[in-house]
Amino acid sequence: MSVLVLPRRRPLLDRWNLSGPQLALAAFVALFLALFLVLPVVRVMGVAFYGPDGFTTQNVEDFFATSLFRESFLNSVYVAAMAVLLASVIAVPLATILARYDYPGAGLIQALGAIPLVMPPFVGAVAMQLIWGRNGTVNLLLSEAFGFKIPFMEGLNGVIFVEALHYFPFILLNLSAALANIDGSMEEAGQNLGASGWSLFRKIVFPLALPGYVAGASLVFVKVFDDLGTPLLLNVTNMLAPQAYLRITSVGIGDPVGYVIAAIMVVFSLAAMGLATLSLRGKDYATQQRGGGGLGRRKLGGDLKIAAHVFVVIALLVALSPHIGILLLSLGTIWSYSVLPDAYTTAHYATIFRESPQLIANTVLYCGLAAGIDVILGGAIAYFVLRTRLPGRNVLQYVAMASLAVPGIVLAIGILRTYYDIKLPDGRALATFWGMLVIAYAVRRLPYALQSCLAALRQIHGSLEEAAENLGAGKIATFRRIVLPLMAGGLLAGFVTSFATAAVELSDTLLLVTREADAPISYGVYVYMQSPAGRGPGAALGVLAVVVVALGAWASHRIAERDRRRRSRET
Amino acid sequence: MTAQGKSGVEIKGLSFGYGAELVLAEIDLTVAPGEFFAFLGPSGSGKSTLLRLIAGFGRPDQGRIRIGAEDITDLPPWERRVGMVFQSYALWPHMTVAENVAFGLEERRLAKAEIAERVAKALDLIGLGSLAERRPAQLSGGQQQRVALARTLVIEPRVLLLDEPLSNLDAKLRLEMRAEILRLQRGLGLTTIYVTHDQEEANATADRIALLDRGRIQQIGSPIALYDRPANRFVATFLGAVNLIEGDVVELHGRATFVGPGGLHVPVETAERGPAALALRPQALGVDAGGSVRLSGRIVAREYLGATLRFGVATDLGELIVDVAHRPGRAPLEIGAAVELGIDPASAALVPGAALSAGGR
């Protein structure tokens, strides 16, 4: 029999596995998220559902009583669903061909397939008009050869088309990864038991890859549902995001309709992501064994091979058309009612470097600061979650990740509403200070940086830190000498990802920028694209932004890859 | 590396759990200074957790841990001066071998020159002086193991803790490293606790073993004591093949006698009466040889194990496992052959208690 002893009371910090400075950092992280993510969203919800007599659904009822808003709501759902469908038509066959067959140049195609991700849809929208529009390249050729035109870009079609072309890589990448993670033995066991061909695919491969598809498809749905820039540039205003923007900018930040729309967008985003998570619960199909091979690749034969070639070529040409278009636009003199621009020039690039160095400088400043904040917040949250027993650490993580489901326009409206009445010393509203744009960027991109940091820290076996403590290093010394150097790659990758993607944020930029002197590149592209004369310089600016993002994406990929290789050699 | 490791370890009334789940219960044990002690047990028995508690990774819910005269229960890991070698080695990939080994000395704020000297000495001790500037990734498994050892030994720990140190090595290397660890331990006279699930490893190295199961110590003793005199059925079956014959200990002609099925009577030395089991190792049963208790049976199975032949013999007591030394050139017994088994009561061990309740198994 042991003697009954009350459990010893230990100091809190000790029980939480924390040091004092780390606790201070945790408080800072919590405060930041509360002030700049939770509070703005709560304010938006509050205005939408709060009347003079407390809680009310009056605003929502008013919203749905107006036919324009009903139509906008249905249009947004329709566009998002159709974009998922069209993106699937491109991505699913592409992923299947690349993962399951010996296809020449598969790596190159995979890389080309990811390119659309580095350009936000609004940049390519105008170029898409010139290629696919009523009097664009394709329809001019079609009517010349066959005497008819196809309304690719008419009304909602245009939004669906542009969005699908930009977001299909989310499905392609997720599905490819899911297919690649299926262990060859899964398929072999099925074959061993007599399954082959279509039945093998339907019963074994498809169910195993389904979680990857659902993850990608739900992301596409949310992104399309939230997008503001594309419909605005295509002059489609009868959708939710443009309506919210127009109400706030024309009627003012007191108008409840904008908030109702914002609330609907949050609810839809959360619901789409929640449904995806729910349907994937308990389906972690990482079946890949250590050292095991992926799915067996087979040879493409005869007709199938020709069909695959035709599909891949057409899909890639279509997917890259916005990029080709924007490049042509940035280099062309006049491009209107013609298959290609009339002549070529570099004058547009000269124009933007002469007229708008401020845009470039602002972008570097804002995105650099935002990415820096993200790395600090992301690194800290990752550490708290994976290495400490700080109470509420998971709440920090969930809140930070939840900003994925908060559309940029909603966050911007919330920040405007929350911080408009707080005045800076010079009399301007705090909400219009450029620092708030940095904070909005940081909040919006935090999930990416956090993912990167979590992945990096997970790779570091806990025993590496324990070994340091065992040899006499305290918490701080262990963090500085072991954790930080080993996480450096992940932190850098997170920084670059945040930086690059923040550089092309439009929806919150449009709402939060109030002076031209404060505007970043994305704002500049939007303003230039508004006028026919500005399209050339706008496209040049867009190309510049794409180059920045592409370089960033490439660098972050290289860093992550090098990190992974270095580590895998070690184990 | 001189002044290290002459402290013993004492654990008293230790319990530890994650939430409601009890991982370790009522652990009491003492490791003598300079002793090579093994925690042996199946996976999930709590042996690694116990080792990690000694290193300070986790705090016990109850109980105290002492090293020498000092109570270390409340010290953080970095103030305990116990050296731990991790199962995964935990070599830091961003540092060279020399930097890995120097780490603990730098944390102790030693002068640069002294650090360099001690690192060189430690690397020489494990025979890796020429690889000081390599990165862990460039080393073989055995070399990584040595570096992990050097990194720990260089801080002159009071106790050396080894967590399944050989599990990542191939069979041949495992034997080499086992001998190497034993040589270092004996040479330095270092108090050592070694966690393993491999009974052969524990038998070959340890002075004493604590056998754990389900978070409790089942028995502590020398390897031979555990094998010959198991305290319960778990200990008997965990340490190699055994025939467990269930029966009762009764008073017969004024002395304790084990009475089993089929009229088996074996005189035993015990003060207790009641249900018990007789543990007979396969080699304690002779075929067609002497022994005061005799038993007839028929061979129903045969395995050739190299030095021995293992027979399954059907008897009135059920099927028994019997090992017979194999002599080269002699034709072994065939399946179906009738044999006479002899039991030497002196080589039988009595396991007290009824079958289901005893010893937690």
Kindly evaluate B:Glu156 against the criterion of being out of contact with any Pro (no Cβ under 6 Å at 6 or more places or on another chain), in contact (Cβ under 8 Å) with a residue 12 or more places away in the chain, at positive phi and surrounded by fewer than 22 Cβ atoms within 10 Å (Cβ to Cβ). yes
Kindly provide the set of residues from region B:53-88 that are surrounded by 21 or more Cβ atoms within 10 Å (Cβ to Cβ), within 8 Å of chain A (Cβ to nearest Cβ) and free of Cβ contacts under 8 Å to residues at least 24 places away in the same chain, ordered by number. B:Pro77
Of all helices (runs of 4 or more DSSP H) fully inside region B:36-147, the set with 2 or more residues that are closer than 24 Å to B:Glu164 by Cβ and basic (Lys, Arg) is B:47-55
Could you say which residue among B:Ala301, B:Ala354 is assigned to a loop (DSSP other than H, G, I, E, B) and among the hydrophobic types (A, V, I, L, M, F, W, C)? B:Ala354
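Pick from region A:252-267 the residues that are touching a helix residue (DSSP H, G or I) at 6+ places or on another chain (Cβ under 7 Å) and part of a loop (DSSP other than H, G, I, E, B): which of them is surrounded by the most Cβ atoms within 10 Å (Cβ to Cβ)?
That would be A:Ile253.
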Test result for A:Ala493, over 18 Å from the mean Cα position of the chain (by Cα), more than 14 Å from every other protein chain (Cβ to nearest Cβ), assigned to a helix (DSSP H, G or I) and modelled with pLDDT under 85: no
Of the conditions (1) within 12 Å of chain A (Cβ to nearest Cβ); (2) in a loop (DSSP other than H, G, I, E, B); (3) of a type outside the set (S, T, N, Q), B:Pro33 satisfies every one except a single condition; which number is it? (1)
Where a residue in region A:117-133 is within 9 Å of A:Pro322 (Cα to Cα) and its partner, wherever it lies, is polar (S, T, N, Q) and surrounded by fewer than 24 Cβ atoms within 10 Å (Cβ to Cβ), with Cβ under 6 Å and at least six apart: A:Ile131/A:Thr137; A:Ile131/A:Ser321
Among the residues of region A:132-139, is any under 21 Å from the mean Cα position of the chain (by Cα), part of a helix (DSSP H, G or I), closer than 29 Å to A:Thr333 by Cβ and at pLDDT 85 or above? no
Residue within region B:9-17 that is closer than 30 Å to B:Val147 by Cβ, touching a residue at least 40 places away in the same chain (Cβ under 8 Å) and either more than 14 Å from chain A (Cβ to nearest Cβ) or of a type in the set (Asp, Glu) (or both) present: yes
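Kindly indicate which of B:Gly215, B:Gly221 is in contact (Cβ under 8 Å) with a residue 12 or more places away in the chain and buried (at least 20 other Cβ atoms within 10 Å of the Cβ).
Going through B:Gly215, B:Gly221 in turn, just one is in contact (Cβ under 8 Å) with a residue 12 or more places away in the chain and buried (at least 20 other Cβ atoms within 10 Å of the Cβ): B:Gly215.
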Out of (1) surrounded by fewer than 23 Cβ atoms within 10 Å (Cβ to Cβ); (2) in contact with a helix residue (DSSP H, G or I) (Cβ under 8 Å, 6 or more places away or on another chain); (3) at negative phi; (4) within 14 Å of another protein chain (Cβ to nearest Cβ), the odd one out for A:Pro485 is which? (2)
Kindly provide the set of residues from region B:90-127 that are more than 14 Å from chain A (Cβ to nearest Cβ) and in contact with a Leu (Cβ under 8 Å, 6 or more places away or on another chain), ordered by number. B:Ala98, B:Glu114, B:Leu123, B:Leu125, B:Ile126
Considering only region A:89-131, state which residues are part of a loop (DSSP other than H, G, I, E, B) and either among the aliphatic types (A, V, I, L, M) or more than 18 Å from A:Gly216 (Cα to Cα) (or both). A:Asp102, A:Tyr103, A:Pro104, A:Gly105, A:Met119
Of all residues making up region A:514-525, the number that are β-branched (Val, Ile, Thr) and surrounded by fewer than 24 Cβ atoms within 10 Å (Cβ to Cβ): 1
Applying the selection to region A:49-64, what residues are assigned to a strand (DSSP E or B) and within 32 Å of the chain's Cα centre (by Cα)? A:Tyr50
Failed condition for B:Glu156, given (1) assigned to a loop (DSSP other than H, G, I, E, B); (2) more than 27 Å from B:Val9 (Cβ to Cβ); (3) more than 10 Å from chain A (Cβ to nearest Cβ), with all others met? (2)
Pick from region A:409-468, criterion more than 27 Å from the chain's Cα centre (by Cα) and within 14 Å of another protein chain (Cβ to nearest Cβ), ranking: surrounded by the fewest Cβ atoms within 10 Å (Cβ to Cβ): A:Gly462
Name every residue in region A:485-505 that is free of Cβ contacts under 8 Å to residues at least 12 places away in the same chain and over 25 Å from A:Val364 (Cβ atoms), in order of residue number. A:Pro485
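The values are calculated or read from the model by the stated rules, or taken from the named source; none is laboratory data. Since the structure is predicted, the reported quantities are computational estimates derived from the model, not experimental observations. Cβ atoms come from the backbone with ideal geometry, glycine included; neighbour counts cover every protein chain shown.
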